[in-house]
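The values are calculated or read from the model by the stated rules, or taken from the named source; none is laboratory data. None of the values given here were measured: they were computed from a predicted structure. Cβ placement follows ideal geometry from the backbone for every residue including glycine, while neighbour counts extend to all protein chains displayed. For the accessible areas, the whole protein counts, side chains as well, though only heavy atoms, and no ligand, DNA or RNA atoms are used. Shrake-Rupley method; radii C 1.70, N 1.55, O 1.52, S 1.80 Å.
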Amino acid sequence: MQSRTTSRPAASRLGLGAMAMSGAYGASDREESLATVRAALDAGVTLIDTGDFYGSGHNELLLAEALRGRAREEYALSVKFGQLIGPGMEFLGADARPSSVKNYLAHSLTRLGVDHVDVYRPARLDPAVPVEDTVGAVKELIEAGHVRRLGLSEVGAETIRRAHAVHPVADLQIEYSLISRAVEAEVLPVLRELGIGVTAYGVLGRGLISGHWDPSRVAAGDHRARSPRFGAGNVEHNLSLVEALRAVAGEKGCTVAQLAIAWVASRGDDVVPLVGARTRERLAEALPAAELELTEGDLAAIERAVPAGSARGDRYPSAMMASLAVGN
């Protein structure tokens, strides 16, 4: 798979986001998850994204098993830290104190079974801790050889500049899709000014614009049941956008998911979409998007089908939206 190189590690055109393998969208099949990670590596995917709070450590342990026997240089691990989750997936805020940062990494290295992570990033800003202090702790971990690069997640332009002044930022992980384009207004220009890459998550809107979403099949424990975009009154409108996109995909000879992923990839060589596949079937559908070239006519048709700002509902529940610097 053709790779993209920015200040982050050399990355394949698509990365694999592992969150869904640890209960975020309901129960997952463990063996299928392991097989999906291995299939992604076999297909040339090199970037794997996780968080120490995904399944309260479950995701890192799962990845350790999936990666066992693979050469360490075969893959790059992006790890988020600092988000506090209680039993029952209760959101408890963020803790990005320097002592906590180092403690989190010690646990992540043990669970993952590696001696370093490639990109280490706070999942959210901790309003009680200056970002300079958090970045300073990651800088010390980089100097000690436990971390290769500093990343950020879901922060605004001012925070990016402040962090970058302490230590070069490799990339920003942020939601970016046809229905989540707020990053384009202020954040993306600053990233490009500073030479910072983008790891785009939510490229299928958590499945909403995948072409496969069925509102009647929300599993127990699926956090999308609490998401405004999936709620009654919004989801029907949003799915009408998907049907318009399906017509464009039909003309292009691809699936809706492939078209949506390819649109994100088309935003620039500094943008790497994360695919949140948790089955080999969904992974196999997503991978051809890496080679799907979109013409100016294709992009215009996509824009007519899903205009900027056309989705209804926030991308997170209100309590979580309050912690974000960038909106929808």
For this session: Give the residues of the stretch 204-226 that are under 18 Å from Ala27 (Cβ atoms) and within 17 Å of the chain's Cα centre (by Cα), sorted by residue number.
Result: Arg206, Gly207, His223, Arg224
For this session: Provide a single number: the residues in the stretch 80-92 that are free of Cβ contacts under 8 Å to residues at least 40 places away in the same chain, open to solvent by 20 Å² or more (accessible area, probe 1.4 Å) and in contact with a strand residue (DSSP E or B) (Cβ under 7 Å, 6 or more places away or on another chain).
Result: 3
Problem set entry | Pairs, first over 23 Å from Gly55 (Cα atoms) in the stretch 220-248, second of a type in the set (Phe, Trp, Tyr) and part of a helix (DSSP H, G or I), C-beta under 9 Å, six or more apart | Asn238/Phe230
Exercise. Applying the selection to the stretch 8-38, what residues are in a helix (DSSP H, G or I), open to solvent by 30 Å² or more (accessible area, probe 1.4 Å), touching a residue at least 12 places away in the same chain (Cβ under 8 Å) and over 22 Å from Leu109 (Cβ atoms)?
Worked result: Arg30, Glu32
Exercise. Can you tell me which of Leu241, Leu208, Leu204, Leu274 is within 17 Å of Glu175 (Cβ to Cβ) and surrounded by fewer than 22 Cβ atoms within 10 Å (Cβ to Cβ)?
Worked result: Leu241
Exercise. In the stretch 180-204, which residue that is part of a strand (DSSP E or B) and in contact with a strand residue (DSSP E or B) (Cβ under 6 Å, 6 or more places away or on another chain) is nearest to Asp314 (Cα to Cα)?
Worked result: Tyr201
Seminar exercise, completed: Here the residues within the stretch 248-274 that are β-branched (Val, Ile, Thr) and closer than 13 Å to Leu299 by Cβ are Val248, Val264
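Yes/no per residue for (1) at pLDDT below 95; (2) closer than 20 Å to Tyr201 by Cβ:
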{"site": "Ile85", "(1), (2)": "yes, yes"}
{"site": "Phe91", "(1), (2)": "yes, yes"}
{"site": "Ala128", "(1), (2)": "no, no"}
{"site": "Arg149", "(1), (2)": "no, yes"}
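Here's the yes/no breakdown for (1) within 15 Å of Phe81 (Cβ to Cβ); (2) in contact with a Ser or Thr (Cβ under 7 Å, 6 or more places away or on another chain); (3) surrounded by 24 or more Cβ atoms within 10 Å (Cβ to Cβ):
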{"position": "Asp133", "(1), (2), (3)": "yes, no, no"}
{"position": "Gly151", "(1), (2), (3)": "yes, yes, yes"}
{"position": "Ile160", "(1), (2), (3)": "no, no, no"}
{"position": "Ala165", "(1), (2), (3)": "no, no, no"}
{"position": "Arg181", "(1), (2), (3)": "no, no, no"}
{"position": "Glu186", "(1), (2), (3)": "no, no, no"}
{"position": "Pro189", "(1), (2), (3)": "no, no, no"}
